[in-house]
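This report refers to the structure that appears directly beneath it.
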Amino acid sequence: MENRILKIEDFSAGYGNLTILKNINLEISKNKITAIMGPSGCGKTTLIRCINRMHELKKDAFHYGKIYLENENIFNMNPVILRRKVGMVFQKPNPFPHMSIYENVLAGYLINGIKLKKAEKDIIVEETLKKVALWDEVKDKLYLRGTYLSGGQQQRLCIARTLALKPEILLLDEPTSSLDPKSTFEIERLLEKLKENLTIIIVTHNISQASRISDYVAFLYLGELVEFGKSEKVFTSPTNKKTEEYLSGKFG
């Protein structure tokens, strides 16, 4: 495995009497894009919510097994510290509606009680918005609300909000499912650039998106990891019949 950053070992999770993930074993490479695919209800979102320990915030949630970030078991880490290292972007763009674009970028610092000088804030906002190719579009509108932006711009702002804390891993849950094709293309291009400096795990229903941007693909079915490998191999010659049926559109 090239330069592993995350290792998921004998991992199961669910709620109450419902087991959603069953004995997952998976290694994630650093500075690569790993796509997690599979039909609805197969456990994709649960898996990434476990990686930054948001899963356990829900009532009746349980998990067994281990997840290592580099060589540290995440369940021995302070969740607040972990979530700064492993940031998450959700399906629908969700800038904080009462905050300006400027404040949205800095929201993680505010929530974590990290105090910054004005000059430090200005640098973080400019640098981060440049990373998501949003600076030129909003530099004269920084004090307008984040919700003023278009859907694609809002999603880039949400990515900026996560990147501002300098995470090692970026988790994305269907980040383009509510966006138009042009905005989707912009986000995909952005992710390919961002992987130079961080590791990306993206949940997507969009098979063509996964084939365009991912280096590795994990295919989940009924809570089990059916297939995992380099994208070109999985998309051209999957080893499992279920993967082949999913990729050819026989179910989804």
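The values are calculated or read from the model by the stated rules, or taken from the named source; none is laboratory data. Just so it is clear, the model here is predicted, and its values are computed rather than measured. Because the Cβ atoms are built from the backbone with ideal geometry, glycine has one as well, and the counts that use them run over all protein chains shown. Side chains included, ligands, DNA and RNA excluded: accessible areas come from the protein's heavy atoms. Shrake-Rupley method; radii C 1.70, N 1.55, O 1.52, S 1.80 Å.
Observations on the structure shown:
- Region 135-148, subset modelled with pLDDT of 95 or more and out of contact with any Ser or Thr (no Cβ under 8 Å at 6 or more places or on another chain), residue most open to solvent (accessible area, probe 1.4 Å): Asp140
- Residue within region 98-118 that is open to solvent by 10 Å² or more (accessible area, probe 1.4 Å), within 25 Å of Val217 (Cα to Cα) and out of contact with any Asp or Glu (no Cβ under 8 Å at 6 or more places or on another chain) present: no
- Residues located in region 227-252, provided they are open to solvent by less than 50 Å² (accessible area, probe 1.4 Å) and in contact with a Leu (Cβ under 7 Å, 6 or more places away or on another chain): Pro238
- Pairs meeting the criteria (first residue in region 48-73 and of a type outside the set (Asp, Glu), second residue surrounded by 13 or more Cβ atoms within 10 Å (Cβ to Cβ) and in a loop (DSSP other than H, G, I, E, B), beta carbons under 8 Å, at least 6 apart or on different chains) are Leu69/Met77; Leu69/Glu168.
- Tyr68 over 21 Å from the mean Cα position of the chain (by Cα) and assigned to a strand (DSSP E or B): no
- Residue match in region 121-142 (condition: in a loop (DSSP other than H, G, I, E, B), without any contact (Cβ under 8 Å) to a residue 60 or more places away in the chain and of a type in the set (Ser, Thr, Tyr)): no
- Flag: Asn240 matches the condition of being free of Cβ contacts under 8 Å to residues at least 40 places away in the same chain, of a type outside the set (Gly, Ala, Ser) and touching an Asp or Glu at 6+ places or on another chain (Cβ under 7 Å).
- Qualifying residue in region 79-91 (condition: over 24 Å from Thr45 (Cβ atoms), out of contact with any His (no Cβ under 7 Å at 6 or more places or on another chain), open to solvent by 70 Å² or more (accessible area, probe 1.4 Å) and modelled with pLDDT under 95): no
- Subset of region 168-195 [assigned to a helix (DSSP H, G or I) and under 27 Å from Met54 (Cα atoms)]: Thr184, Ile187, Glu188, Leu190, Leu191, Glu192, Lys193, Leu194
- Matching residues in region 149-167 - criterion: being out of contact with any strand residue (DSSP E or B) (no Cβ under 9 Å at 6 or more places or on another chain) and assigned to a helix (DSSP H, G or I): Gly151, Gly152, Gln153, Gln154, Arg156, Leu157, Ala160
- Yes/no for Glu56 being touching a strand residue (DSSP E or B) at 6+ places or on another chain (Cβ under 9 Å), more than 22 Å from Thr243 (Cα to Cα) and among the acidic types (Asp, Glu): yes
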